[in-house]
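Have a look at the structure below, then the notes.
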Amino acid sequence: MLYWSRLAILLPLVMIFGFFGFLLSLISPFNPKVMMLISRIIGWLTFKIFNIDIEIRGKENIEKNLPCIFISNHQSNLDIVIGGLVAPWKTVSLGKKEIRRIPIYGMFYWLSGNILIDRSKKLEAATILDHDVKKALQKGISVWILPEGTRSYNRGLLPFKRGAFRTVINAQVPLVPLVLSPQHSTLNFNKWKSGKVIVEIIDAIDTRNLSLENDRELTKKAHQLFEERLPILEKELLS
């Protein structure tokens, strides 16, 4: 199948550039630009090998709101690749602490300045998250969070976890939604032309006048925004 042939080409390249990124992170530890460089290379390779078009809309909504917190929907591993192409150079992401157990990549992820939390210890994780996010933002580094908490695969948009929005409110920085177009209905990796992805960067949600009492309201507002935009993007791609 074409999909597996393409994957057989991509995976060795991902391993090579991943190892190169690990070496770079040893030379320049906790520098998010190292991860973003490798992410951009791997993203470009992925979209070329799988012959996927990408359209990024609303780029101006990034530059005018930096540093900020990005949120996006999470459908598959392709979202990580897309994020690497869209997010600005000084960006870190949020991941589970188990990532560090992955040979080479886990250490590379941590050494690139990304934020790791232990989700089994919710109170401790929230405290560490708030502290590390504020620390990154103070350095002019934006943070990318996937508020569904896991891949949705073909289950539609999952509920957003409130913890991510409590962190946003505590940080008092712009919240910039990245709406990634539906993939399962619009992409076919076994076709020569796999399809197209649209990334819609929505203008920032202002959090400066919000308190933690508004966390439910903010969570609901963000979720509704994604619920409204995803079917519209899907319809456009299928038309």
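A few notes on this one:
- Residue match in the range 123-139 (condition: open to solvent by 30 Å² or more (accessible area, probe 1.4 Å), touching a Pro at 6+ places or on another chain (Cβ under 7 Å), closer than 25 Å to residue 65 by Cβ and modelled with pLDDT of 95 or more): no
- Residue among 77, 73 that is within 15 Å of the chain's Cα centre (by Cα) and either of a type in the set (Asp, Glu) or surrounded by fewer than 15 Cβ atoms within 10 Å (Cβ to Cβ) (or both): 77
- Filtered by the rule that a residue be within 19 Å of residue 135 (Cα to Cα), open to solvent by 50 Å² or more (accessible area, probe 1.4 Å) and over 16 Å from the mean Cα position of the chain (by Cα), the range 20-43 gives 29, 30.
- Here the range 178-207 is the region considered, the condition is being acidic (Asp, Glu) and in contact with a helix residue (DSSP H, G or I) (Cβ under 7 Å, 6 or more places away or on another chain), and the residue that is modelled with the lowest pLDDT is 203.
- Of everything in the range 189-206 that is in contact with a strand residue (DSSP E or B) (Cβ under 6 Å, 6 or more places away or on another chain) and in a loop (DSSP other than H, G, I, E, B), the residue that is farthest from residue 68 (Cα to Cα) is 194.
- Some residue of the range 156-170 being open to solvent by 60 Å² or more (accessible area, probe 1.4 Å), touching a His at 6+ places or on another chain (Cβ under 8 Å), over 24 Å from residue 221 (Cβ atoms) and in a loop (DSSP other than H, G, I, E, B): no
- Contact map, the range 84-106: residues that are among the charged types (D, E, K, R) paired with residues that are at pLDDT below 95 and in a loop (DSSP other than H, G, I, E, B), Cβ distance under 7 Å, separation 6+ or inter-chain. Pairs shown: 96/119; 97/118.
- Residue list for the range 207-239, restricted to those being touching a strand residue (DSSP E or B) at 6+ places or on another chain (Cβ under 8 Å) and assigned to a loop (DSSP other than H, G, I, E, B): 207
Each row is one residue, and each column tells you yes or no for (1) on the phi > 0 side of the Ramachandran plot; (2) among the small types (Gly, Ala, Ser); (3) modelled with pLDDT of 95 or more.
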site: 18; (1), (2), (3): no, yes, no
site: 27; (1), (2), (3): no, no, yes
site: 42; (1), (2), (3): no, no, yes
site: 51; (1), (2), (3): yes, no, yes
site: 56; (1), (2), (3): no, no, yes
site: 63; (1), (2), (3): no, no, no
site: 76; (1), (2), (3): no, yes, no
site: 80; (1), (2), (3): no, no, no
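- Single residue of the range 82-122 satisfying the filter (aromatic (Phe, Trp, Tyr) and open to solvent by 30 Å² or more (accessible area, probe 1.4 Å)) that is nearest to residue 72 (Cα to Cα): 89
- Candidates in the range 1-17 are the residues that are closer than 19 Å to residue 39 by Cβ and aliphatic (A, V, I, L, M); of these, the one that is most open to solvent (accessible area, probe 1.4 Å) is 15.
- Verdict on residue 80 being of a type in the set (A, V, I, L, M), assigned to a helix (DSSP H, G or I), within 18 Å of residue 226 (Cα to Cα) and out of contact with any strand residue (DSSP E or B) (no Cβ under 7 Å at 6 or more places or on another chain): yes
Yes/no matrix, rows are residues, columns are (1) touching a residue at least 12 places away in the same chain (Cβ under 8 Å); (2) exposed (fewer than 11 other Cβ atoms within 10 Å of the Cβ); (3) over 20 Å from residue 62 (Cβ atoms):
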| position | (1), (2), (3) |
| --- | --- |
| 191 | yes, no, yes |
| 195 | yes, no, yes |
| 198 | yes, no, no |
| 208 | yes, yes, no |
| 222 | yes, no, no |
| 225 | yes, no, no |
| 232 | no, no, yes |
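- Scope the range 109-140; condition outside any helix (DSSP H, G or I) and of a type outside the set (A, V, I, L, M); matching residues: 112, 113, 114, 118, 119, 120, 121, 139, 140
The values are calculated or read from the model by the stated rules, or taken from the named source; none is laboratory data. In this text the structure is predicted, and so the values were computed from the model without any measurement. Using ideal geometry, Cβ is built from the backbone for each residue, glycine included, and neighbour counts are taken over all protein chains shown. Surface areas here come from the heavy atoms of the whole protein model, side chains and all, with no ligands, DNA or RNA. Shrake-Rupley method; radii C 1.70, N 1.55, O 1.52, S 1.80 Å.
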